[in-house]
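Just below is one structure, and these are the notes that go with it.
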Amino acid sequence: MPFIENHTDQANIHTWLAWQNPPGRQLHNAVIERILNPKHPQAQIFINWFKTLYDL
């Protein structure tokens with residue numbers, strides 16, 4: 001079953017995590033382990049979304 005358009009960002013982040021070493025980390029582990037670079041220009045979009053989602 002194809003995912004809906006609203007799930008595109010989730011599919012993208014999980015695809016990216018699948019390509020990391022080791023592959024298949026959960027998103028919360030990637031945040032805790034700091035494998036996401038918060039200084040990267042594309043990261044600010046994710047950071048803003050994450051903060052909005054969890055009202056941080």
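The values are calculated or read from the model by the stated rules, or taken from the named source; none is laboratory data. This structure is a prediction, so every number in the text was calculated from the model and none was measured. Don't worry about glycine lacking a Cβ; one is built from the backbone with ideal geometry, like all the others, and counts go over all protein chains shown.
Is there a residue in the stretch 47-54 that is exposed (fewer than 12 other Cβ atoms within 10 Å of the Cβ), more than 11 Å from the chain's Cα centre (by Cα) and of a type in the set (S, T, N, Q)?
Yes, the stretch 47-54 has at least one match.
Among residues belonging to the stretch 1-32 that are at pLDDT below 85 and loosely packed, with under 10 Cβ neighbours inside 10 Å, point out the one that is nearest to Trp49 (Cα to Cα).
In this case the residue turns out to be Asn6.
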